[in-house]
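Chemist: One structure coming up, written as structure tokens, with questions to follow.
The values are calculated or read from the model by the stated rules, or taken from the named source; none is laboratory data. None of the values given here were measured: they were computed from a predicted structure. Note: ideal-geometry Cβ built from the backbone for every residue, glycine included; neighbour counts use all protein chains shown. The accessibility values were calculated without ligands, DNA or RNA, using every heavy atom of the protein model including side chains. Shrake-Rupley method; radii C 1.70, N 1.55, O 1.52, S 1.80 Å.
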Amino acid sequence: MRCSSRLAITGAFALTLCAQNSGYELNDSHFHMTNYIQEGTNIKALLNMMGDKVGRVALFGIPLQQQWSYRVDGENAPTYYLGTDAPLYYYSFTDAVIAMAYRSLTAEQQARFDPMITGFNPTDMYAADHIRRVLQTFPGVFTGIGEFSVHKEFVSAKISGDVASLTDPALDRIFAFAGEVGLVSIIHNDLDVPFSKEGSPPAYLDQMKALLKRHPNATIIWAHTGMGRIVRPVKNHAATVEAMLRDHAFDNVYFDISWDEVAKYLVSTAESTQITADLINQYPDRFLFGTDEVAPSSKERYLKVYYQYDPLWKLLSPEALEKVRKENYTRIFDQARLKVRAWEQLHTGEAQ
Ligand SMILES: [Zn+2]
């Protein structure tokens, strides 16, 4: 049943049926509406790009603003972090931008988005307080937090202030709070450093596992399965992920396969595609598709990564295909929405 046919029945029951049986092909668990200078895609234009193909989108900006330093770059205003030596800084206003864009929509349009809070500094013990404040200022809007980054090639070292660390108690406060509220968390953390020595163990795997283990109550999506632009899948990457999927200490952890840089590695050869497909077919509940597009200007650009994965889609079982492209998103984000709304009911009065 497609959404249009729900006119035949009425009320909440119809809406539920509509959501469950929509004719959409995929949901997008990882989307940046704005870029590193806080400019981006108009949310109504995004709805047009989603069309009747993309049902729901986890929506966020980028928590970092690239500074335009006239001393460094003169008239060459940078738009990306690699374009200048000037630093990045945390830009909390992004959360208000996302919330107001969401609020500009009708209820039916809003149902297709899960806005996420990103404008906090993960080295700050007060970060959890920022998240609480955003929920209380914009109740009824947000479903989760992230994508926020701890270790990310070239980015981490460019941010003004302390370098983020997986061992920082500030992160523990963030995940403890996310667990308490029911917020989904999307964390970007490169498994390894760029240009690591062949055969050396991935630099951040043990710290990441320890962090995840400390927060069994938080629902956490590890973005890009720990890969990065030049952080290639370390040898046996699939085995590393598989070991975590097998370990019940990580039952609350999911992996997204977003980003064209990640797709580039995963479907680079017939062998790598098959290894990825085998892993997803074995653990179909634990992977989510996402585009990781940043402020795309056209539908073609927006869906590029989705089509890049065509060779992978062909190797998935019908069950796994449905779960990775749609159902895991619906299950995880629906559950979070319910919990966060319930928390807000109890705590929104505190904001005044
Ligand atoms: Zn990322």
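Chemist: Just name the residue that is nearest to the ligand (Cβ to nearest atom) out of those in the stretch 246-269 that are closer than 16 Å to ALA218 by Cβ and not β-branched (Val, Ile, Thr).
Modeler: In this case the residue turns out to be ASP256.
Chemist: What helices (runs of 4 or more DSSP H) lie completely within the stretch 254-352 and have 2 or more residues being within 16 Å of HIS30 (Cβ to Cβ) and among the hydrophobic types (A, V, I, L, M, F, W, C)?
Modeler: So the answer is 260-266, 328-347.
Chemist: Every residue in the stretch 211-241 that is at pLDDT 95 or above and open to solvent by 10 Å² or more (accessible area, probe 1.4 Å), please.
Modeler: LYS213, ARG214, HIS215, PRO216, ASN217, THR219, listed by residue number.
Chemist: Can I ask one more? I need the full set of residues from the stretch 75-101 which are in a loop (DSSP other than H, G, I, E, B) and open to solvent by 20 Å² or more (accessible area, probe 1.4 Å), in order please.
Modeler: GLU75, ASN76, ALA77, THR79, TYR80, ASP85, PRO87, TYR91, SER92
Chemist: Let me ask something else. Within the stretch 305-325, can one find any residue that is without any contact (Cβ under 8 Å) to a residue 60 or more places away in the chain, under 24 Å from PHE148 (Cβ atoms) and surrounded by fewer than 16 Cβ atoms within 10 Å (Cβ to Cβ)?
Modeler: Looking for residues that are without any contact (Cβ under 8 Å) to a residue 60 or more places away in the chain, under 24 Å from PHE148 (Cβ atoms) and surrounded by fewer than 16 Cβ atoms within 10 Å (Cβ to Cβ), one finds none in the stretch 305-325, hence no.
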